[in-house]
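The values are calculated or read from the model by the stated rules, or taken from the named source; none is laboratory data. Computed from a prediction, not measured in an experiment: that's the story for all the values here. Here the Cβ positions follow ideal geometry from the backbone for every residue, glycine too, while neighbour counts run over all protein chains shown. Note: areas computed on protein heavy atoms with side chains; ligands, DNA, RNA excluded. Shrake-Rupley method; radii C 1.70, N 1.55, O 1.52, S 1.80 Å.
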Amino acid sequence: MAPVRLDRVHTAALRCHALSGEAEEGDEPCAGRMLLRLAAGGDKEAAKRLGLALSKLEAEAALAAVQADLVLLALDDDPDLAEPALGSAALVSPRQAGALARLPPAAAEAAKWLSYHTSWCAAVERQASAGAGVGDATEVARRRGLSREARERWLKVVEAEGLGDALGSSAEVLADAAEAMARHTAAFRLSPRDVVAAKEAWTVFEAALAWLEEAQELKTSLLDDLKWMLWNGAWHAANKAAEEDEDEGEEELDEEAETALFGEGYPGSQDDALMDLVRFLRHSLQCHWDSCIVGGSGDGQKWRGVCLPLGATQREVHAAAAVGFNAVRFAIAEPTSAADKWDKEFTRARGVLEACVSDSVAAVLDLSSWSPSSSSSAAPASRRGKKSAGGDKGGPSEAALAGLARVAAAAASCGSVRGVVLPAAAKLCTLEPFVAAVRNGGLAAGRCAVVAALASSAAELLDEEGNFAGLLHEALSQDDEGLLLRDGHLVLEVRRQAEADSPQGLLDEASHAGEDLDSELPPCCIHFGVGWTGPLVAPCRRLGDRWLEELAARHDAAAGHATHGWFVSLDETPGMLQACLGLSDGSGGGANTTACRWTWPDPEAHRIMWPHGTQHSVTLIYLHGFTCDGGSYLCCAEYFYREGKERKDDGDEDDEDDEDEGEAVCYNSYPGLKVVLPTAPLRPISAYDGDRIRSWYDYLTDREGEEEDDSDKATLDESTRRIHALLEQEVAKVGASRVFLGGASQGCCVALHVAATWKGAPLGGIVATQGHLLSCTKWPTDWANRGTPVRVYHGLADETIQWDSWASAAYEPLRKAGGNLKFHTDEGVDHGDDEAEGRWVRDFLSEMFPG
């Protein structure tokens, strides 16, 4: 493709404006834009009338610039804004259902390779022009061919998937955007840096995105994933190429300089090729992920699965679905010989698969107990004909591959199979024959993941400096030669290993199990166990099922960043699986069984932090913010603990500047305090194209923090009734004066509304963090007589709910009503500051419970 000339783009935009401005009364006011559209379609006469020889992308960029100018000038009465653009279908309202929310798996895979090969082509071309060895003529020709084929395949897949009418010209524009992004990173990252070329390419990329946004053929969420896929794919190629072409003498640009060059919206350059690849893989998956994990629910659900033992039947599947699991993982016996017919095993497996279909849960076949190799077999060959570098002595046995092929073929006819867990292996390359058997058997990547159970522990995946290490580093370094990129749906499984030596330690360890890891991994799922061993058996049994449920719920919350969710093993303690599924009285799960069936697998159920070992005497109900859920607070349970000090171990290094030398901060739970963390429902949000988001009420507007948004009364009333009912339950247990209510952001707004409309006895106290009083909330004028303390906390740097401009004034009804009211504001604290919120909640609790 010929390079885009920015001077021609700018000139065309100016002439378009001039033609529209010269239109006399009664003339067509959008003649300039019509000429640009014709020029973009290849009409040379139209380009001639503009006085320019424009390429297709130059005409598109100029048109996008003109239309952006019109929006900024608020020319809402211009009928041209509703006309078809560049031959696409007529523009639709963002709230209409015509915009594409997700790509079909084949299209998402084609888009991934379009980005990858286009990015590498630009990188090696850049190196070749600079005389770098990596970009030799042979490699340039190869990469150009791959890039051309990837673009052609992308456009063919779009047509083959029936998306031609839905996408219109968006498919071509997206391919142009990929090329512009690739040229931008290559020019900016590789030596010698060409700032002019980088700026030119970035401008074209922004113009292409503006066109795609205006066309409204892709929903905002999908367009965002595509944008970040292109961004990270391009930076990965540029950074990877730069590893062999590093000019350390060249001055790096800081954030301020980059913003000056590329504008306020520039995300900032990147320098970690492997992290770029991880993000690239994650965003490419998200372009279609809700159609391939649990069967296209439309809500992007992840696996919330339970591992069933060998021999499990339809009964366990039905029970798992009733509890709230959306996936079951069941073991398949390994064949003993190639002639093993597995009659009983297949009869059982088919029954389980049929039960999964009837209960609408995903089935994941577990082959992790199979042997990954056979010493009598030859090592598997890689794509280039070399022997595997894996640590296993040989390839899988013929019996194993034949058995897997039969399993895959049988499972392919059942729509519920969404994953196959492969045998554990020291290196991913040894799993290639298994992956081939799964895919050749009919379980395509678009509908079924292959799960590689990592032999490494979570701690071995990152080094002390937070860089990828071991198996993960090796897998990512293989690029398009490795399974991670080539298969299209390979998922890494990380097994959580408990190390704590006390029941409370196990809880806190589970809360933080995903820190600094899960969000850094490629597509992954988590596997954890709930149980006890050794000296923990007696103390854990005494705490009973409440402790077990909370432990499991904390593991669930800690796996929130894993793209594919989690699976739990409940067979470590006899009777625990049956207790969870309600298939027994639960006596095996603990001595103090509280229910025949657990509730934590249900994502809609309350999350509860119990006062383990002490009698329940106080309740705090705390409501989460917009897009969050109650379980998210289990990852930061310290919010609800008492802060204290403890002596450091002799081996700990003391900070020389620490005023409390020899002491460390510690957190301990409040005796008797039960914390209830409800979860808002998924509901369509009017202000966001009807996207389903967890929210206590519907937002009718999004004023981006400048002022209060309009809220929907019906959905607010619905949540109010729900929290009132919860208050009534807790008041009946401990008394109104020992029940406290609070929330953050949107949850704060609801908590204040609930408190204002509460007709029962006065509550113990209200904690309101980073929110405001809704304009529709009528604060009781007799509040002072109730004696309920209210503590308001807010950050002065909050841009989402701005304190000085409007949020403070929203609390005026509370000030006028008087009573036990205090405000606490912090300089420099923005919205969603986790550290500040935890500090505020602890401050409130320490005041309410000074003892």
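Note down the relative contact order for region 475-551 as a percent, whole number, built from C-alpha pairs under 8 angstrom at least six residues apart. Walk me through the numbers on the way to the answer.
On the way: 57 pairs, mean separation 23.9, N = 77.
It rounds to 31 percent for region 475-551.
Residue separation times 0.36 nm, minus the C-alpha to C-alpha distance between THR599 and ASP709: what's the value? Don't skip to the end; give the middle numbers.
Working: separation 110, 0.36 × 110 = 39.60 nm, distance 3.46 nm.
Computed gain between THR599 and ASP709 is 36.1 nm.
Applying a 10 Å radius around every beta-carbon, put 357-365, 151-159 in order of their mean neighbour count, most first.
On the way: 357-365: 21.1, 151-159: 18.0.
Highest to lowest by the protection proxy: 357-365, 151-159.
Using the C-alpha gyration tensor of region 175-280, what are the square roots of 5 times its eigenvalues, in whole angstrom, with the largest one first? It would help to have the intermediate numbers written out before the result.
Values: eigenvalues 115, 49, 27 Å².
Gyration-tensor ellipsoid for region 175-280: 24, 16, 12 Å.
What accessible area, in Å² to the nearest ten, does a 1.4 Å probe give for ARG148?
Result for ARG148: roughly 140 Å² accessible.
Let's test the formula: R0 of 22 Å, r as the Cβ-Cβ distance of TYR266 and THR220. What FRET efficiency results, to the nearest 0.05? Write out the running numbers ahead of the final one.
Working: r = 20 Å, r/R0 = 0.89.
So, using R0 = 22 Å, E works out to roughly 0.65.
Mind listing the long-range amide H neighbours of SER416? Cut-off is under 5 Å, sequence gap 5 or more, other chains count too, H placed in the peptide plane at 1.01 Å from N.
Here the answer is none, since no amide H 5 or more places off falls under 5 Å of that of SER416.
First measure r as the distance between the Cβ atoms of GLN615 and ALA409, then evaluate 1/(1 + (r/R0)^6) with R0 = 56 Å and state the FRET efficiency to the nearest 0.05.
Values: r = 58 Å, r/R0 = 1.03.
For GLN615 and ALA409, the calculated efficiency is 0.45.
Given labels modelled 7 Å from the Cα in the Cβ direction, how far is it in nm from ALA784 to LEU700?
Roughly 3.4 nm, to one decimal.
For region 743-837, what's the relative contact order in percent, using C-alpha pairs closer than 8 Å and at least 6 residues apart?
Working: 159 pairs, mean separation 27.4, N = 95.
Rounded, it is 29 percent for region 743-837.
For the pairs LYS156/LYS302; LYS302/LYS733; LYS112/LYS219; LYS778/LYS816, note any where the Cα-Cα span goes beyond 24 Å.
Numbers: LYS156/LYS302 30 Å; LYS302/LYS733 35 Å; LYS112/LYS219 18 Å; LYS778/LYS816 12 Å.
Pairs exceeding the cut-off: LYS156/LYS302; LYS302/LYS733.
Could you order peptides 726-735, 218-227, 262-271 by the average number of other Cβ atoms within 10 Å of their residues, highest first?
Numbers: 726-735: 15.8, 218-227: 19.8, 262-271: 13.0.
Result, highest mean first: 218-227, 726-735, 262-271.
May I ask you to rank THR769, THR138 by accessible area, largest first, using a 1.4 Å probe over the protein chains only?
From most exposed to least exposed: THR138, THR769.
Could the peptides 838-849, 696-707 be put in order, highest first, of the mean number of other beta-carbon atoms found within 10 Å of their residues?
Numbers: 838-849: 19.0, 696-707: 16.2.
Most protected by this proxy first, the peptides run 838-849, 696-707.
With a 1.4 Å probe and all protein chains left in place, how much of the accessible area of region 536-581 comes from carbon and sulfur atoms, in whole percent?
Working: 680 of 1280 Å².
Exposed carbon and sulfur together represent 53 percent of the surface.
How far, in nm, would the chain grow between GLU481 and HIS724 when pulled straight, counting 0.36 nm per residue and subtracting the alpha carbon separation? Numbers along the way, then the final one.
On the way: separation 243, 0.36 × 243 = 87.48 nm, distance 5.76 nm.
Gain in length upon complete extension: 81.7 nm.
Which value, in Å², gives the accessible area per residue of region 662-713 when a 1.4 Å probe is used on the protein heavy atoms?
On the way: 2210 Å² over 52 residues.
Heavy-atom accessible area per residue stands at 43 Å².
So how far apart, in nm, are the two label points at GLU244 and VAL196 if each is 7 Å from Cα heading toward Cβ?
Taking the two extended label points, one gets 3.0 nm.
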